[in-house]
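Working notes for the structure below.
The values are calculated or read from the model by the stated rules, or taken from the named source; none is laboratory data. Model, not experiment: these values are computed from the prediction. Here the Cβ positions follow ideal geometry from the backbone for every residue, glycine too, while neighbour counts run over all protein chains shown. Surface accessibility is based on the protein's heavy atoms, side chains included, excluding ligands, DNA and RNA. Shrake-Rupley method; radii C 1.70, N 1.55, O 1.52, S 1.80 Å.
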Amino acid sequence: GLERNIAEMSRLAGEAGVRLRPHTKIHESPAIAAMQIAAGACGIEVGAIERAVCMADAGIPDILIAHPFFGEQKLALLRRLLERPGLKLTLVVDMIEQAEGIAQTVKAGGRTVPVLIKIDTGGGRFGVPPGEPALQLARQLLCLPGISFAGLYAHESGGKPTPESLADVARETAALAAESARLLAKEGIPVHHLSVGASPTLRATCGLLREGAFPEIT
């Protein structure tokens, strides 16, 4: 069952023409993460930075840290991760204060780290509102040394466990994300990475992308 699920997720993403980056919060297992990468995932995603340390210690080479963070304790963990040769790290922020702490830490290590802006899709937990607030934060990130603005990160929230409800949530989130990406591009800020996704909506999202909707999503 595990191998079949992993293969199906990779197949759906491949048919939709996008990269797949599974969130590992369900299994927290470097062995399963390695299976997902071997099956075609471009890397993995973790929530808190502490989970990234565990995965990196186990040899996982490409990690996105989805929860924005700041504070000396978290930045000390970032320093540890930056010392790992060959580790590709992507960070997510929703406030300039987080980015400033990251920039100072990265600058000391002589590296540049790609950073994504988290878009709030209605959950109210993390993220900046789509549109103009995302544009303003992107402009601020472009001024920080050590940080490479890479794009936008959105995560579906809400919806009932019915195909119709999940299809609506998938379309709404994709539309918000794509609209913000188009706004940034119009202002001369390219969005190389535009991610959406949650396990319940993956099939619906891939269906939209196969139909040619929302080409901005990567």
Would you check which residues across the range 85-94 are farther than 11 Å from residue 148 by Cβ and either touching a residue at least 40 places away in the same chain (Cβ under 8 Å) or in a helix (DSSP H, G or I) (or both) and list them? 88, 92, 93, 94
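State whether the residues of the range 4-15 include one that is β-branched (Val, Ile, Thr) and either modelled with pLDDT under 95 or under 18 Å from the mean Cα position of the chain (by Cα) (or both). Even if it seems obvious, please write down each step before you answer.
If we filter the range 4-15 for residues that are β-branched (Val, Ile, Thr), which is where we start, we get 6.
In the following step, the residues that additionally are either modelled with pLDDT under 95 or under 18 Å from the mean Cα position of the chain (by Cα) (or both) were identified as none.
For the range 4-15, residues β-branched (Val, Ile, Thr) and either modelled with pLDDT under 95 or under 18 Å from the mean Cα position of the chain (by Cα) (or both): absent.
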Filter pass, residue 90 being among the hydroxyl-bearing types (Ser, Thr, Tyr), closer than 15 Å to residue 191 by Cα and surrounded by 15 or more Cβ atoms within 10 Å (Cβ to Cβ): yes
Is there any pair with a first residue in the range 69-84 that is in contact (Cβ under 8 Å) with a residue 12 or more places away in the chain and a second that is acidic (Asp, Glu) and open to solvent by 90 Å² or more (accessible area, probe 1.4 Å) whose Cβ atoms are under 7 Å apart and which are 6 or more apart or on different chains, and what are they? 70/97
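Residues that are more than 20 Å from residue 198 (Cα to Cα): find the helices (runs of 4 or more DSSP H) completely inside the range 1-74 holding 2 or more of those.
30-38, 49-57
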With (1) surrounded by fewer than 18 Cβ atoms within 10 Å (Cβ to Cβ); (2) within 26 Å of residue 102 (Cα to Cα); (3) free of Cβ contacts under 8 Å to residues at least 60 places away in the same chain as the list, and residue 14 as the residue in question, which single condition is left unmet? (2)
